[in-house]
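Peer 1: Could you have a look at this structure, given as structure tokens, before my questions?
The values are calculated or read from the model by the stated rules, or taken from the named source; none is laboratory data. The model shown is predicted, which means the values in this text are computed figures rather than measured ones. Cβ atoms come from the backbone with ideal geometry, glycine included; neighbour counts cover every protein chain shown.
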Amino acid sequence: MGKIVYIGEYDTTLDKFESQFEVPNGVTYNSYIILDDKIAIMDTIDKRKGEEWLANIKEALGGRKPDYLVVSHMEPDHSANIETLVKKYPDIKLVANAKTVPMLKNFTNLDIDSITEIVAEGSTLDLGEHKLTFIMAPLVHWPEVMVEYESTTKTLFSADGFGRFGDFNEDSPWDDEARRYYFNIVGKYGLQTMNLLKKAATLDIQRICPLHGPILTKNLSKYIDLYAKWASYEPEEPEKVLIACASIHGNTYKAAEYLAKKLGDRAVLIDITRTEYSYALSEAFRNGTTVFFCSTYNLDMFSPMADFIERLQNKTWRNRKAAVVDNGSWAPMAGKKIIEKLATFKDITLVNDLITIPSTAKADTLAKLDELTTKL
Ligand SMILES: Cc1cc2nc3c(=O)[nH]c(=O)nc-3n(C[C@H](O)[C@H](O)[C@H](O)COP(=O)(O)O)c2cc1C
Ligand SMILES: [Fe+2]
Ligand SMILES: [Fe+2]
């Protein structure tokens, strides 16, 4: 009886994933080995854990040799050890699709054509008891991505899809860190993610093995439903309101706190000058409405807000309600700039006129914020 063995690693010392996302609970780089008549390794892992991964392989092999390395995704957190692996096991064949080949050539110094078996949509690889079917998943996260379905164990190897920051434990909380992962990493490609979900819906899936975070074995429809919502840009919490605030000296933040208090548990207040932007981006996609609070800075938005909005645009944030509150002591401009920028987004509806705080929020401004709550 063949078996599938986990050979990934948990990285708890990485400062920033992709040089941009905090991972307070670390991140796992998952890799699997299928031990059967033929042996297939499912992706490599990040270079930070290459040696440990090679040791995991050696132990799992028990003296045997691997026949195949399946390359689902060329981003270096999964491909960094391809060259090392081939040098260690020179008879191994790479299994990749046509879009992967030029990347393999650019990322490595290997003679790729002589060691690669090309697969396409619907190709199969027979390992004995285990049989892999290849499903192309372009742009779920990069253009060459593919996933694999193993029909005997009904396992979907889902590449970056269904990935989560944090540990490998299926029972630790999933939603928040999977959402932050999805929207910040894959979020621009909702349509492509929907396409993959449609193909997956035709399969009997009992287990999902992603390239980050836990293997999912229980209540899979919960995860698939969340992904369908995320990929379609539907808010998960239509009634909730993200208040994203960029304040220089705190007066704008005080007004943001006032609004948050008024909204009670419907509000999620994030100081985007202090909290890494990926959290606010994730909340902006999660909730039905975002209120942008921003100080004016040299006739423009205070830079953390400009950065945040730029990142929302990159991820095609859409189909949401918004409101804008700015602040200025002589020529307030932040709100105008935010509204101009949001006008270039798809399906963002402003629910209120711009509210401008003249340095500090006094009774008249508070009254406007009270009125705003009735529209949120
Ligand atoms: C470096 C700097 C540049 C500023 N530029 C402008 C400006 O161009 N127009 C304006 O009305 N206020 C400007 N301000 C004033 C702030 O926008 C205003 O005092 C602030 O919004 C008050 O809210 P806060 O305490 O939340 O920062 C600037 C403040 C600083 C520190
Ligand atoms: Fe990736
Ligand atoms: Fe990844």
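Peer 1: Only one residue in 275, 316 is without any contact (Cβ under 8 Å) to a residue 40 or more places away in the chain, hydroxyl-bearing (Ser, Thr, Tyr) and surrounded by fewer than 19 Cβ atoms within 10 Å (Cβ to Cβ). Which one?
Peer 2: On the way: 316 fails: without any contact (Cβ under 8 Å) to a residue 40 or more places away in the chain.
Only one candidate qualifies: 275.
Peer 1: Confirm whether residue 277 is within 25 Å of residue 188 (Cα to Cα), among the aromatic types (Phe, Trp, Tyr) and modelled with pLDDT of 95 or more. Give the derivation first.
Peer 2: Working: within 25 Å of residue 188 (Cα to Cα): yes; among the aromatic types (Phe, Trp, Tyr): yes; modelled with pLDDT of 95 or more: yes.
Criteria met by residue 277.
Peer 1: Hey, among 166, 122, which residue is small (Gly, Ala, Ser), in contact (Cβ under 8 Å) with a residue 60 or more places away in the chain and touching a strand residue (DSSP E or B) at 6+ places or on another chain (Cβ under 8 Å)? I'd like the intermediate steps shown before the answer.
Peer 2: On the way: 122 fails: in contact (Cβ under 8 Å) with a residue 60 or more places away in the chain.
From the options 166, 122, the qualifying one is 166.
Peer 1: While we're looking at this one, here's another question. Looking only at segment 61-82, count every residue that is outside any loop (DSSP other than H, G, I, E, B), crowded, with 20+ Cβ neighbours inside 10 Å and more than 13 Å from ligand 3 (Cβ to nearest atom) and tell me the total. Even if it seems obvious, please write down each step before you answer.
Peer 2: Of segment 61-82, the ones outside any loop (DSSP other than H, G, I, E, B) are 61, 68-70, 76-79, 82.
Those left that are additionally crowded, with 20+ Cβ neighbours inside 10 Å: 69-70, 77-79, 82.
Filter once more, so that each one left must be more than 13 Å from ligand 3 (Cβ to nearest atom): 69-70, 82.
Adding up the residues that qualify gives 3.
Peer 1: Does segment 278-301 hold any residues that are surrounded by fewer than 23 Cβ atoms within 10 Å (Cβ to Cβ) and farther than 18 Å from residue 21 by Cβ, and which are they?
Peer 2: 287, 288, 297, 298, 299, 300 - these are the residues of segment 278-301 that are surrounded by fewer than 23 Cβ atoms within 10 Å (Cβ to Cβ) and farther than 18 Å from residue 21 by Cβ.
Peer 1: Just to check your reading of the model, which residue among 284, 280, 323 is without any contact (Cβ under 8 Å) to a residue 40 or more places away in the chain and of a type outside the set (Lys, Arg)?
Peer 2: Details: 284 fails: without any contact (Cβ under 8 Å) to a residue 40 or more places away in the chain; 323 fails: without any contact (Cβ under 8 Å) to a residue 40 or more places away in the chain.
Of 284, 280, 323, the one residue that is without any contact (Cβ under 8 Å) to a residue 40 or more places away in the chain and of a type outside the set (Lys, Arg) is 280.
Peer 1: Test residue 221 against the stated conditions and say whether it is within 28 Å of residue 171 (Cα to Cα) and touching a Gly at 6+ places or on another chain (Cβ under 7 Å).
Peer 2: On the way: within 28 Å of residue 171 (Cα to Cα): yes; touching a Gly at 6+ places or on another chain (Cβ under 7 Å): no.
No.
Peer 1: Separate question: Which of the residues that make up segment 1-23 are in a loop (DSSP other than H, G, I, E, B) and without any contact (Cβ under 8 Å) to a residue 40 or more places away in the chain?
Peer 2: 12, 13, 14, 15, 19
Peer 1: Would you check if residue 41 is closer than 16 Å to residue 6 by Cα and either within 27 Å of the chain's Cα centre (by Cα) or surrounded by 14 or more Cβ atoms within 10 Å (Cβ to Cβ) (or both)?
Peer 2: Values: closer than 16 Å to residue 6 by Cα: yes; either within 27 Å of the chain's Cα centre (by Cα) or surrounded by 14 or more Cβ atoms within 10 Å (Cβ to Cβ) (or both): yes.
When the stated conditions are applied, residue 41 passes them.
Peer 1: Now a separate question. Run down 237, 257 and say which single residue is away from ligand 3 (no atom under 16 Å from the Cβ), out of contact with any Cys (no Cβ under 7 Å at 6 or more places or on another chain) and not assigned by TED's automatic domain parsing to the domain that holds residue 336. Please lay out each step first, then the result.
Peer 2: Numbers: 257 fails: not assigned by TED's automatic domain parsing to the domain that holds residue 336.
Answer to the selection: 237.
Peer 1: Restricted to segment 129-140, and to residues that are surrounded by fewer than 24 Cβ atoms within 10 Å (Cβ to Cβ) and in a loop (DSSP other than H, G, I, E, B), which residue is farthest from ligand 3 (Cβ to nearest atom)?
Peer 2: That would be 129.
Peer 1: What are the pairs with Cβ atoms under 8 angstrom where one residue, in segment 45-72, is over 15 Å from residue 27 (Cβ atoms) and the other, located anywhere, is assigned to a helix (DSSP H, G or I) and polar (S, T, N, Q)? Sequence gap at least six, or different chains.
Peer 2: Short answer, once both residue conditions are applied: 50/84; 54/84; 71/79; 71/100.
Peer 1: What is the number of the single condition among (1) free of Cβ contacts under 8 Å to residues at least 24 places away in the same chain; (2) over 18 Å from residue 46 (Cα atoms) that residue 87 does not meet?
Peer 2: (2)
Peer 1: Would you check which residues across segment 321-349 are closer than 21 Å to residue 263 by Cβ and either in contact with a helix residue (DSSP H, G or I) (Cβ under 7 Å, 6 or more places away or on another chain) or modelled with pLDDT under 95 (or both) and list them? Walk me through it before giving the result.
Peer 2: First, the residues of segment 321-349 that are closer than 21 Å to residue 263 by Cβ: 321-327, 335, 338, 342, 348-349.
The answer is 322, 323, 324, 325, 326, 327, 338, 348.
Peer 1: Taking only segment 203-221 into account, find how many residues are within 16 Å of ligand 2 (Cβ to nearest atom) and touching a helix residue (DSSP H, G or I) at 6+ places or on another chain (Cβ under 6 Å).
Peer 2: 1
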